Every structure is written in C-alpha cells, then in structure tokens.
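Coordinate-derived values only; no laboratory data. Owing to the predicted nature of the structure, the values given are computational and were not obtained by experimental measurement. Cβ sites come from the backbone with ideal geometry, for glycine too, and all protein chains shown count toward neighbours.
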Amino acid sequence: MKIDKRSPSGQSQPSLRRVLGVSDGIAILIGITIGAGIYSTPQIIAGYLPSFSSIMVLWVAVGAFVFVGGLIYAELGSRLPETGGEYVYISRTLGPYAGFIFGWAQLFIIRTSPAAGLAIIATNYLGYFVKMSDLTQTLVALLIIAFLGTLNYLGIQRASVYQKVSTVVKVGGLFMLAGAGLILVGGQENLLATTAPATGTLGPVGNVVAALMMVVFSHTGWERTGYTAGEMKNPQRVIPVSILAGLAIVILLYWSANFVYYRTLGIEGLRTSTIVASDVATELFGPIGAALTAILVIISTTGSINGTMMTAPRVYYAMARDRLFFSWLDHIHPKFLTPSRAIIAHCVWAAVILVVRGTFETIVAGMVFALLIFYGLAAVALFKLRSAGDVEGAYRMPFYPFLPAVYLVGIVTLIVFRATYEWQKSLVDLAFIATGLPFALIWCRKAAPSGD
C-alpha cells in the first residue's frame, strides 16, 4: 500500500464532510464581508472628500472593481475546487514559496486581525446595554473569540447555522435601515447635496487613496468563499454562484446604506459621528433606533468572525497537508470532521493580537495593503491557468483577458499610490509579511519532491 506522503504520520485520516450548498456559500460571503466596515468607515471617508457625489464615485468604482475580482475568483474556484482557496490558486500556479507567504500573512495578520478587531467592536456595542470596565471588555472580547472558535471546532454545520441566521439578520437590518431612510426622511431636509472642504491632510490624491483604502476594507471577505471548497457538495457550481450572487447583494446594500447616511446626516453630520449607523437609526426611529442598531452590529460583527473561522483555518490546514506549515495543523478531528487544530491556532493568535494591539484601528491598519498584493497574485494565477488549457465543467469569466488585465492594473496602481503617500505604514506592512521568508526557505525545502 502506498502511503500518502502529505500525511506526516503515514496514517489515513478522515476527510472533510461535504455538506455546504449555494445558500451556505452566499451566507459565508455576506457574513464575512458585512462586518464592521459599513458601520465604521463612512465617517472616516467623509473627512477625505468634500461631497456625497465624490464619495459615491469611489463606492461605485470599488463595487465594480470587486465584482470583477469576484468573476476572477469564481473561475479560479471552479478550476481548483480544493480546500484552501487563494492558497491553492497561488501555490499551484506560482509555486510553494508564494503560497507559503500568502498563508503566513493570513495567519499572522490578514485573517486573525479582523477576528480581534471585530470582537472589540462587538464588545463596545454590548457596552450600550451593560457598562463594563476596560478589563471586562477585553475579557468579553476574548470570550466571543473562544465561543465562536468552539462552535466551529464542533462542526461546520453548527457554524453554518449561525452564519445563515446572522446573515439574514444583518441583511434584513441593513435593508430595513435603507428602506426606512427612503420612506421616513421624505418630509425632512435632503442633505445629500451638502458639501464641506476635506479635512484630510494628505493632499488631493493622497486623500483619495486613503479613502479608497477604507472603501476596499469595507468590501474585504468575499474572496474567502473558496476556502471551504472541500466541504461543498458541488464546488464547481457552488463557488461561482455564491460569489456572484453574494457580491451583488453586498454592493447593493452598501450603496443603499451610504445613500441613507448622507441623506439623513449630511457630510458634516457624518464627520462628527462616531457611530454613524446608530445616529441615523436614532434620527429615523427615535431612541429605540440606537438599541436596535447596537444589536444589529453585534450580530453583524460576530457573524463576520464566524465566517472567517469557517474559512481561514482551512488555509492553514491545506498548507500543513502540503507540508508547508507546522505538521500539527494537518489534522481532521475524527468525530467532528473539522480542521480542529487549525481553528485553535486561529483563535489563539487572534487572542494574542487583541491583547497586544488593543484597538480596532491599530489592528486593521495593515490589512488592506497586504490583501491587495495577494489579490494581484490571484489575478496572475488566472492568466497562468488559462494558458494551461480548459477544465471540464469550470466556470469561464466573460471578457477575458480584458477584465482581469484592467483589474490587475488597478491593483498595482492602488499599491503604488498607497506606498507613495503612506510609505511608512506600507514599509511596516511589508516587513510583517517578510518575516515569513526565513520560514519559507525551511518549509518549502522540506516539501520539495524527493525525486522518487
């Protein structure tokens, strides 16, 4: 009997359970993407630009940009329908070193940072109902991570139930907010046309770049749908449908929410708000609006954390399975059929980030720049896969190669502008990713074929 070399122990392992369908895929995408961004970035963005119209140009442009990215990832996911998502796309086309650095960045900054930051946001909104000290808030945030980690440890079906429920609540809540905004402000002053000089200090181009980073951050998460491909019933169908349908819903919700925000508060009102969604809800519904919005944000943020835990640990597991990470992570729980050790690693590092870095702003500061780099690598992966030939039954994105080329140029442009106008932060982000290079040399050599 030939032993599977990807299992360090040489023992046969249980396989992941294929139980996820299209509704699960859409719930994962929406649940991860709609986290705290739409509640925490609009007031920041309002400081960088002078009017609603100029700001909405960015939201529309990023929405279109992300949708093209969705088309790219839909084809990648249907061509390589394996657990691990982007790690699989990048490592199979660009080599193990690129795949390792991607996975390293996922565990140590890109995916664990949002879990820590969103746990803080959820705890802050719990404080609307129960007053807590700083120490208590930290402990509650850690408990949120632990609870959601346990839920995922015990089975993806259990986690998927919460994902579906939280997605329904957050989508319904945002639609209700947008719908109420269109109905209830009919007799009030329309503040959409109000303008005010930008308060950002990075200059005209620098302000636009900084605002774009916030808008892109609000859209992050959609790319993780393929991470659970090994647990999908028919990944070649589920991945494309989930990405395209889920993104359409997210983009519509974001445009609607921004319309209501600016119509209700105006650009000056947004700049002075720290909890913009609650302030809008208070204007529309009265005092009960703040409480309802607090509940909505708690469900939204915990749903996003849960969605990340349903996806990101599969990358660490996939890397260990390929002998590119700690072999301890190459483990499927014999009873729950989940990558249990990878889930534990994700939760532990998220907890470390939460305790060490402390604030939401600090935690998420380096995410977008690193994400853009790997978005670009994924686009390159599509070009390489297309050059290798077709795959039977795989989705093919329209307008190839024009759309992916435009997407890649846009990625590179954003990276260059951000590196130019916020070079110190960019160097820190790059240094953090570069810490994985020595480890890549070790693990990639171990994983290299022995020639037998």
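General remarks:
- Simple Cβ-charge dipole of the chain, Lys/Arg +1 and Asp/Glu -1, about Cα centre, in debye nearest 20: 1220
- When every Cα-Cα distance of the chain is counted in 10 angstrom steps from zero, the calculated P(r) takes the values 4, 21, 32, 27, 12, 3, 1, 0 percent.
- Pairs of Cα atoms nearer than 8 Å and 6+ residues apart set the relative contact order; for the range 37-447 it is 35 percent.
- The loop-placed chymotrypsin sites (Phe, Trp or Tyr not before Pro) in the range 127-168, going by DSSP, that have at most 14 neighbouring Cβ atoms within 10 Å of their Cβ come out as PHE129.
- Estimated FRET transfer efficiency (PHE399, LEU427; beta-carbon r; R0 56 Å; 0.05): 0.95
- Within the range 346-440, the GluC sites (Glu not before Pro) that combine a DSSP coil assignment with at most 13 other C-beta atoms in a 10 angstrom radius are GLU392.
- Under the combined filter of DSSP loop state and at most 13 neighbouring Cβ atoms within 10 Å, the range 107-189 retains these trypsin sites (Lys or Arg not before Pro): LYS131.
- Over the range 278-365, all Cα pairs binned in 10 Å intervals from 0 give whole-percent P(r) values of 15, 30, 27, 16, 9, 2, listed from short to long.
- Length added when fully stretched, LEU154-ARG445, from 0.36 nm per residue minus Cα-Cα: 101.3 nm
- Among VAL60, VAL416, VAL22, the order by Cβ neighbours within 10 angstrom, fewest to most, reads VAL416, VAL60, VAL22.
- The eigenvalues of the Cα gyration tensor, multiplied by 5 and square-rooted, give the range 119-202 an equivalent ellipsoid with semi-axes of 35, 22, 14 Å from largest to smallest.
- Violating pairs (Cα-Cα greater than 32 angstrom) within the set LYS131/LYS425; LYS131/LYS335; LYS131/LYS164; LYS233/LYS384: LYS131/LYS425; LYS131/LYS335
- Mean Kyte hydropathy of 0.0 or more with a Cα span along the axis of at least 18 Å, helices from DSSP in the chain: 52-79, 112-126, 134-153, 156-184, 203-219, 235-271, 287-321, 340-357, 367-387, 402-421
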